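Just below is one structure, and these are the notes that go with it.
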Amino acid sequence: MAKHLILVSTFFSLLWVNSTLQAQTKQTNAQKLIIRFDAALKTDQVAALLRDENIETYEALVPSLNLYLVTFKRPTSSKTFLKTFAGQSGIVKYAQPDHPVKLRQSPNDPELKSQWSINGISSRGDIEATKAWELGTGGKDTAGNEIVVAVVDGGTDISHKDLQKNIWVNKGEIPDNGIDDDKNGYIDDINGWNAIDDKGTLPTDKHDSGYMHGTHVAGIIGAEGNNNLQVSGINWNTKIMPVAGSSGETSVVARAYGYVLAQKKLWLESHGKKGANIVATNSSFGVDNADCSSPDYSVWNDLYTEMGNVGIVSVVATSNSDVDVDSVGDVPSACESPYIISVTNTDSNDDKYAEGAGYGAKHVHLGAPGTDILSTVPDNKTRKLTGTSMATPHVTGAVALLHSVGSKRFTEMTQQNPAQAAKQIKEILLKSVDPISGLKDITVTGGRLNVFKASQEISKY
Ligand SMILES: [Ca+2]
Ligand SMILES: [Ca+2]
Ligand SMILES: [Ca+2]
């Protein structure tokens, strides 16, 4: 026993010197070790070993194993400890740092088990959101700015119980008083804009298919996660700005994007005091067989590029028919603006949806899950829908999530050079796809969205 005590006290002296040096060179919090002493040592013998001026406290974690938690007064290292005792049997079996244990970021939403594309259970073609959630779950960027996604669609049920907390609110506007209180050029735009009727009051017709569509899309991007209710979006928290504008003529779409553009410009100009920090638009609509490069469709590319210049990525759905949009044309999924990401539909076999999904080696960038996707629909319900319309918000949701996990350097770029930041997000998303055979040679990347890989990349940017 005496031999043990001498060894231990020598060890602690060495440790003290070593850790003082360490503390000078590198700040560490490793002041705790979990130590398993040899089974032959009795409680009082262990107590004697641990009676040392460099030990602040100790606790028998599992007495039957002689397993102790030892807290040192100064940072220490298990390596030094083991080195000192190497070859000295009968004292310490092992020592290891008291690693922080993180709660697995799996949300408690009861219907998550049916959300095959994000629940990490076992489906092929999952975008690995559960792993991305270890890095962040959405909401704000590293500078604390609220992240906003504009859902340009047929309206969104803003009172849906699994969406309502994540609906964007214009804090400077008083609703329904007929006055443009925040002087942004739009009267009563409390949650977004109704570009179909050109007013602040959003559509509420539960029986309108566009309204259901927009509610479903919004839920994929940002149904509230971990609230013990229904489903989870790719972002547990983010702000959804509904902009009704997916039906009618091109002028309606232009009016919708015009609102988005105005709010983002205002946000940048006012340094976050007014407007909205819109990072992406989701557009699950379009014009089949239209040539975006013809003069008949000039306005489309123009709008996407204008939005891109202020840091907005536009994620768009390609055709729901099995067509090569490079040859037949499609607006907007075959438009040329560098700020567009065109998306096709994949299924739980990690293949392109067999019953119809557009493609194009030049224009369709990637695939994302769009088959049997469970999300929110009006009347506080959920249901499964299929289409490129469901694939697209997976990518839009990923753009928003990437803003929440981006490095400090990336966040700075979003404000100093928003156009560059938008291009960077697109590049990272496209670079981090998982290649799948069904998309090889018929899409730009040949792959399907992987939000985890992209999140990792941008967190280190
Ligand atoms: Ca206003
Ligand atoms: Ca008002
Ligand atoms: Ca939920």
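Results, tabulated for the structure shown:
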| item | result |
| --- | --- |
| Shape call, segment 414-461: gyration tensor on alpha carbons, a/c limit 1.5 | oblate |
| Long-range HN-HN contacts of Glu56 with modeled amide H, under 5 Å | Thr71, Phe72, Lys73 |
| Aspartates and glutamates whose Cα lies under 17 Å from that of Lys113, excluding same-chain neighbours fewer than 8 positions away | Asp126, Glu128, Asp162, Glu224, Asp347, Asp372 |
| Per-residue HN-Hα couplings for segment 187-198 [Karplus 6.51, -1.76, 1.60; θ = phi - 60°; Hz; x = Gly/Pro] | 7, 6, 7, 7, 10, x, 9, 9, 6, 6, 9, 6 |
| Rounded to 5, percent antiparallel among DSSP beta bridges of the chain | 50 |
| Under Karplus coefficients 6.51, -1.76 and 1.60, residue-wise ³J(HN,Hα) of segment 31-39 in Hz, glycine/proline x | 9, 10, 10, 9, 10, 9, 7, 4, 4 |
| Cut-off under 5 Å, modelled amide H: who pairs with Thr382 long-range | Val377 |
| Mean Kyte hydropathy of 0.0 or more with a Cα span along the axis of at least 24 Å, helices from DSSP in the chain | 2-25, 250-269, 388-405 |
| Pairwise FRET efficiency - Asn54 versus Asn228, Cβ, R0 = 41 Å, nearest 0.05 | 0.30 |
| Per-residue [θ]222 nm for the chain (sum of -39500 (n - 2.57) over DSSP H runs n ≥ 4, rounded to 500) | -9500 deg cm²/dmol |
| Modelled FRET efficiency - R0 35 Å, Ser123 with Lys381, Cβ distances, 0.05 increments | 0.90 |
| Dipole of the chain [Lys/Arg +1, Asp/Glu -1 at C-beta], most positive-end residue of Ser293, Gly245, Ala48 | Ala48 |
| Between segment 251-267 and segment 95-162, the alpha-carbon center distance in angstrom | 28 |
| Amide proton proximity set for Val92, modelled H, under 5 Å, gap of 5+ | Asp38 |
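Every number in this text was worked out from the coordinates using simple rules, so none of it is lab data. Bear in mind the structure is a predicted one, so any value in this text is a computation, not a measurement. Cβ: placed from backbone, ideal geometry, glycine included. Neighbour counts: every protein chain shown.
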